[in-house]
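Asks: Attaching a single structure in structure tokens format; questions to follow.
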Number of protein chains: 2
Amino acid sequence: MESVTDTTDLLALDRQVCFALSIASRSVIGLYRPLLQPMGLTHPQYLVMLALWQHEPLSVKELGELLRLDPGTLSPLLKRLQALGYLSRERNTKDERALAVTLTPAGRALRAEAEKIPPAIVERLGMELAELQHLHGALMRVIAATDRDPGSRKV
Amino acid sequence: MESVTDTTDLLALDRQVCFALSIASRSVIGLYRPLLQPMGLTHPQYLVMLALWQHEPLSVKELGELLRLDPGTLSPLLKRLQALGYLSRERNTKDERALAVTLTPAGRALRAEAEKIPPAIVERLGMELAELQHLHGALMRVIAATDRDPGSRKV
DNA sequence: CTAGATTAGTTGGTGTACAAATTAATAGCC
DNA sequence: GGCTATTAATTTGTACACCAACTAATCTAG
């Protein structure tokens, strides 16, 4: 991922930012798993809940935009969350193509448990907050860079 | 993911490093897709090829350690790469439980095309190399932090 | 107003990741 | 040496992500 003189190095696995991103993402998400399991949530489901706690009601389209997930992924995911009793999906009266995704009382109540998670993760990582914020900033910049790429983000 | 006074902020989606990691990873990997598609490779397959170009022969276990993937994921993935004609899997004569994964001539030849990819990605991102290297370092540190967590990494 | 284009969400297909179970081979201990 | 524990890889099951196709609702242009 870096242009260098030595092509042997060019493809070295541990030089690939894409690889580091993938491993980092999977590794951090792995830390969440034991914490989310008692709530019956997978990590992507947790992100959906975060979005709804913050912004409900949301359409599938809005959720997709917030979470960068396509409707094909969200549809069954929301279905499973509905089956868990955490949310409901109803037709939007103004535009019947759209759904209004809202939390159930159980879904809203779950937030109190969920608030314990981020601090627990920070503690498990044992990293300074400043370093995590720094990483966050760097990640936002690379996301913005991918957004700027002409071949990406069909919105 | 940061302990702060305001709990409303605590769960804000755009404050979660795990979310930024996930989106960044997916977004960057998305840039690879059109470049890998002419070679018939998915991104995880590309990473496997990187590992083999660098280190072949490798056992499934070694590939798993390098790529942080479990055998359940690798097994069908390698099978598909074998079907594509890029690698072969043979029993290790010293320990018949283990496989020796080696590249075919076609697999080795693919490297020349693959070398064009990292510079192309850097160009598409339009980011400074130094910034990418900085991000890479930060990612390595968070990966190391997850490795240090007592509840993680059963190796 | 109407027909065609666009949009919202669902469904189906493919390829991962993760977890558990299984089979066969090897290691280690008595 | 033999038995038990451990290990390597495969298979099965579940939940994603991404992509394409489809249906129904809405928008837009003539």
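Asks: Report the closest approach of any chain B C-beta to the axis of the B-to-A rotation: residue and distance, in whole angstrom.
Replies: With distances in whole Å, chain B gives B:SER25, 2.
Asks: Still on this structure: For the Cα atoms of chain B, what angle does the longest principal axis make with the long axis of helix B:17-36, in degrees from 0 to 90, nearest 10?
Replies: So the inclination is approximately 40 degrees.
Asks: For a 32 Å ceiling on Cα separation, which of these pairs sit above it: A:LYS79/B:LYS116; B:LYS79/B:LYS116; A:LYS61/A:LYS116; B:LYS61/B:LYS116?
Replies: On the way: A:LYS79/B:LYS116 42 Å; B:LYS79/B:LYS116 26 Å; A:LYS61/A:LYS116 29 Å; B:LYS61/B:LYS116 29 Å.
With Cα atoms farther than 32 Å apart: A:LYS79/B:LYS116.
Asks: Output, in nm with one decimal and in ascending order, the distances from the B:GLU65 label point to the matching label points of the other copies (7 Å from Cα along Cα-to-Cβ).
Replies: From this label point to the equivalent ones elsewhere in the assembly: 4.8 nm.
Asks: By how many degrees, between 0 and 90 and to the nearest 10, does the Cα long axis of helix B:43-55 differ from the longest principal axis of chain B?
Replies: Once rounded, one gets 60 degrees.
Asks: Between A:ASP95 and A:ASP14, 0.36 nm times their residue separation minus their Cα-Cα distance comes to what?
Replies: Numbers: separation 81, 0.36 × 81 = 29.16 nm, distance 4.91 nm.
Fully extending the segment from A:ASP95 to A:ASP14 adds 24.2 nm.
Asks: Per residue, how much accessible area does the protein assembly as shown show when a 1.4 Å probe rolls over the protein heavy atoms, in square angstrom?
Replies: On the way: 15440 Å² over 310 residues.
Here the residues of the protein assembly as shown average 50 Å² of exposed surface.
Asks: Next up: So for the pair A:LYS116, B:LYS79, with labels modelled 7 Å out along Cα→Cβ, what separation do we get in nm?
Replies: Simple spin-label model gives 4.1 nm for this pair.
Asks: What part of the accessible area of region B:7-119, given as a whole %, is carbon or sulfur when the probe is 1.4 angstrom?
Replies: Working: 2870 of 5340 Å².
On region B:7-119, the fraction of accessible area on carbon and sulfur atoms equals 54 percent.
Asks: Could I ask something else about it? How far is helix B:71-83 tilted off the main Cα axis of chain B, in degrees rounded to 10, range 0 to 90?
Replies: 50
Asks: Sticking with this structure for a sec: What does the copy distance list look like for B:PRO150, label position 7 Å along Cα→Cβ, in nm and ordered from shortest?
Replies: 5.5
Asks: To one decimal in nm, how far is A:THR104 from the same spot in the other copies, if labels go 7 Å from Cα toward Cβ? Please give the shortest first.
Replies: 5.2
Asks: Also, quick follow-up: Based on DSSP H runs of at least 4 residues, each adding -39500 (n - 2.57), what is the mean residue ellipticity at 222 nm of chain B after dividing by all its residues, to the nearest 500 deg cm²/dmol? Numbers along the way, then the final one.
Replies: On the way: 8 runs with 97 residues, N = 155.
Estimated from H runs of four or more residues: -19500 deg cm²/dmol.
Asks: Sort chain A into rounded, prolate or oblate with this rule: let a ≥ b ≥ c be the square roots of the eigenvalues of the Cα gyration tensor; rounded if a/c is under 1.5, and if a/c is not under 1.5, prolate when a/b is larger than b/c, oblate otherwise. Write down the numbers at each step before the final one.
Replies: Values: a/c = 2.53, a/b = 1.50, b/c = 1.69.
Verdict is oblate for chain A.
Asks: Another question, if that's okay. Excluding ligands, DNA and RNA, what is the accessible area buried between chains B and A, summed over both sides, using a 1.4 Å probe, to the nearest 100 Å²? Each step should come with its number before you reach the end.
Replies: Values: alone 10730 and 10750 Å², together 15440 Å².
Accessible area lost upon association: around 6000 Å².
The values are calculated or read from the model by the stated rules, or taken from the named source; none is laboratory data. Model, not experiment: these values are computed from the prediction. Quick reminder, even Gly has a Cβ in these numbers, built from the backbone with ideal geometry, and neighbours come from all protein chains shown. Quick note on the areas: whole protein, heavy atoms, side chains included, nothing else; ligands and nucleic acids left out. Shrake-Rupley method; radii C 1.70, N 1.55, O 1.52, S 1.80 Å.
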